Amino acid sequence: MPTTVADAAAVAEALWPAAGAEAWDAVGLVSGEPAAEVRRILLAVDAVAATVDEAVGAGADVLLTHHPLLLRGVTSVAADRYKGALLARLIRADCALLAVHTNADVVARGTSGVLAARLGVDVLAPIAPDAFGGGIGRVGDLAAPTTLGRFASTVASVLPATAGGIRVSGDYDRPVRRVAVCGGAGDAYLSSPAVLGADVYVTADLRHHPAQEAREQALLGGGPALIDVSHWASEWLWLEAAAEALRAALPDVEVTVSELNTDPWDFAVLPS
Ligand SMILES: [Zn+2]
């Protein structure tokens, strides 16, 4: 019996149960024929023109992305809108689109769990525990204390390079041992006890006001230094762990990870 799109979706459900997704999320099969055969799966963080082209060009039968292409209300999939154009391209190429989003954030080998492991963090607990023994974000300790500056260099060496690089809020020589991490946009957890109790918080998409408020509060009452990284980079690391899990469950399917950088920023300019 050949592996089908429905089989691949069932394996994804077993690895990353949809019940673990946030209430606002939209995970699972976005487009595609459940009965169609699957020989190749391509994994990417984002469904964008570049990754859809890559999937179609590689003859993939499923494009599995972390970010759902359809999340907020969509009233048109006309091909002069990019979402419609991408879906039309995928459907014509018989390539299904499958989204595994916050349901992959909460599990042990999820986005934050993998990021923490790659940064050398011995995980103690989720930042925001859920009802299933997992949860968003991870907090834990480094094997040995280091400084904020050295730890930031570790972060830079572990993550794929992006135009925005890595931004740090805090003293370069500040001692760091307890680390909180949240792959993707983690500003919602800046005042969580697990984050406030850490020496540094690594996450993405930190804006002026949330970052400044956390920094000022830390000066007054204690709190973590901040390391702001690329959203895409912080979640891209998870794809290889996801691919390994899919290969183990679907040994007849070729599973590959997209190496394309889908961070939306192309370059940064510093004053000379
Ligand atoms: Zn994300």
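No value in this document is a laboratory result; all are computed from the given coordinates. Here the structure is a predicted model, which is why all the values come from computation and not from measurement. When we count neighbours, we look across all protein chains shown, and the Cβ atoms used for this are built from the backbone with ideal geometry, even at glycine.
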Mean shadow area of the range 1-74, taken as a quarter of the surface of its Cα convex hull (nm²): 5.4
Computed over the range 214-264, the ratio Rg/Rh where both radii use C-alpha atoms and Rh is Kirkwood: 1.29
Per-pair calculated FRET efficiency, R0 = 41 Å: I91 and A125 via Cβ, rounded to 0.05: 0.45
Helix-only [θ]222 nm of the chain, DSSP H runs n ≥ 4, -39500 (n - 2.57) each, per residue, nearest 500: -10000 deg cm²/dmol
For the range 64-122: relative contact order, % (alpha-carbon pairs under 8 angstrom, 6 or more apart): 34
Cα-based radius of gyration of the range 164-272 once divided by 2.2 N^0.38 Å, which approximates compact folds: 1.31
Principal-axis tilt of helix 148-158 within the chain, Cα atoms, nearest 10 degrees: 20
Magnitude of the charge dipole, the range 1-113, Cβ model with Lys/Arg +1 and Asp/Glu -1, debye to 20: 160
Full-stretch length increase - D171, V269 - with 0.36 nm per residue and alpha-carbon distance subtracted: 32.9 nm
Among T146, G57, A44 the positive-end extreme of the charge dipole of the range 1-160 (Cβ point charges): T146
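Enumerate by residue number the trypsin sites (Lys or Arg not before Pro) in the range 144-250 meeting two conditions: DSSP loop (anything except H, G, I, E, B), and at most 13 other Cβ atoms within 10 Å of the site's Cβ.
Loop-located and lightly packed - R207.
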Given 16 as the ceiling on other Cβ atoms within 10 Å, longest exposed-site-free region of the chain for chymotrypsin sites (Phe, Trp or Tyr not before Pro) in DSSP loops: 25-131
For the range 36-110, diffusion coefficient by Stokes-Einstein and Kirkwood Rh (Cα), 10 °C, 1.306 mPa s, µm²/s: 124
Overall Cα dimensions of the range 1-149 - principal axes, largest extent first, Å: 53, 38, 30
Inter-label distance for D205 and S76, nm, one decimal - labels placed 7 Å from Cα along Cα-to-Cβ: 2.6
Net charge, A131 excluded, C-beta distance under 15 Å - Lys, Arg +1, Asp, Glu -1: -3
Summed residue charge, Cβ within 9 Å of G184's Cβ, Lys/Arg positive, Asp/Glu negative: -3
Estimated translational D of the chain in µm²/s (Stokes, Kirkwood radius over Cα pairs; 20 °C; 1.002 mPa s): 111
The range 21-106: relative contact order in percent, alpha carbon pairs under 8 Å with at least 6 residues between: 43
Net charge of neighbours whose Cβ lies under 15 Å from the Cβ of A99, counting Lys and Arg as +1 and Asp and Glu as -1: -4
Angle in degrees between helix 208-221 and the longest Cα principal axis of the chain, rounded to the nearest 10: 40
